[in-house]
Every structure is written in C-alpha cells, then in structure tokens.
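The block underneath contains the structure these notes are about, expressed in structure tokens.
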Amino acid sequence: MKRHGFLVCLAVTILPALTGCGGQEAYLDLAWEDFDQNPASGWRPLAERGNYAEAAQMIESYLDHRDDLLPAQRGYSRFHAGQLWAMSGDTGRALPLIDRATVADMPPEFPRSFNALVAGTGAFLRGNMAGVRAARDEVAALPDRTPRDHEFLGALDLLARSEGLT
C-alpha cells in the first residue's frame, strides 16, 4: 500500500510538470517576441538562473508546438536553444540546432549579421577557429552595422580571441 501511495503522490506532483497540466505550458501560447526576446518571460528567466538545459528544452517544446513562426523566428530560437545546450555542456545536442538556425531570407528587421553569428558559433563548437575568424571578419566588413550587428561582432570577436573548446 505504501508503494501505491508513493506512485500516486509521484504522479500528482510530477506528471503535471511533464504534461503541462495546471498551466505548466502557458509559455507555449506566448507570442514569439515575448517567449524569445523578452528578458522577463519565456525561456530567459530560466537561463538567467543557470538552468540552461531546462531553458533549451523549453525552447524545443515551444518550436514543436508552434506552426505559426516565421523562418527567421525559428532560426533565432534554434540558435538560442543550441547556445543553451552548449552552455549546459551538451555540444552533441547543441550542434544540430545551431546547424539548422541559418535563415535563408532574413527579414529587414533582423540583423544582417545573424547567419555569420550562427556560422561562427558552430565553428567554435567544432574547434574550427579559422571558421570563427572568418565569420567575425564577415560581420566586421558589413557597411552600416546596426547596434545588434555590433553586439554580434563583439560576440564573434570574443570567440575568435579564445583558444576554442579544447
């Protein structure tokens, strides 16, 4: 009887978190901007607390649930999930997401440097420092960089100055 009671207790406390009962999946209905770009909602509060794998899983669930996202939004979210997996130490889960994050037709409101950031990050995770430097140089050569492009250039420059993952 104790075992049964334990299983019921386990089911009552854990299953809602796994299945989304009790409002656990409210984030799935957030607009993409609120889920991915707002520091106070979506996956970002989890990541801020250092729960990188949980945040990455949250992004993957969001992507699986939403069929209304634009290709650029999917690319950004895949990139963020890949970054988070890498930050959690799981490069094997990070790389497929990073590899699928490139956006063929980037909308004008998104930074032109995004695909270079994706390429440079993937190169870094693979230990290809020449690839990181090439991505950095591509962004550095962009005329009329936006503040976001400058931010991405700084990130690539930081990766290029490192010794890689080895």
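Answer yes or no as to whether residue 111 is modelled with pLDDT under 95 and more than 18 Å from the chain's Cα centre (by Cα).
Answer is no for this residue.
Out of 99, 149, I need the residue that is of a type in the set (D, E, K, R), closer than 21 Å to residue 56 by Cβ and touching a helix residue (DSSP H, G or I) at 6+ places or on another chain (Cβ under 7 Å). Which one?
Being of a type in the set (D, E, K, R), closer than 21 Å to residue 56 by Cβ and touching a helix residue (DSSP H, G or I) at 6+ places or on another chain (Cβ under 7 Å) holds for just one of 99, 149, which is 99.
Give me the pairs: first residue in region 64-85 and free of Cβ contacts under 8 Å to residues at least 40 places away in the same chain, second residue open to solvent by 90 Å² or more (accessible area, probe 1.4 Å), beta-carbon distance under 6 Å, and six or more apart or on different chains, which are they?
78/100; 85/93
Yes/no per residue for (1) surrounded by fewer than 11 Cβ atoms within 10 Å (Cβ to Cβ); (2) modelled with pLDDT under 50:
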{"position": "17", "(1), (2)": "no, yes"}
{"position": "21", "(1), (2)": "no, yes"}
{"position": "30", "(1), (2)": "no, no"}
{"position": "36", "(1), (2)": "no, no"}
{"position": "44", "(1), (2)": "no, no"}
{"position": "49", "(1), (2)": "yes, no"}
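The values are calculated or read from the model by the stated rules, or taken from the named source; none is laboratory data. These numbers were taken from a predicted model, which means no experiment stands behind them. Methodologically, a virtual Cβ is constructed for each residue, glycine included, from the backbone with ideal geometry; neighbour enumeration extends over all protein chains shown. Ligands, DNA and RNA are excluded from the accessible area calculation, which covers all protein heavy atoms including side chains. Shrake-Rupley method; radii C 1.70, N 1.55, O 1.52, S 1.80 Å.
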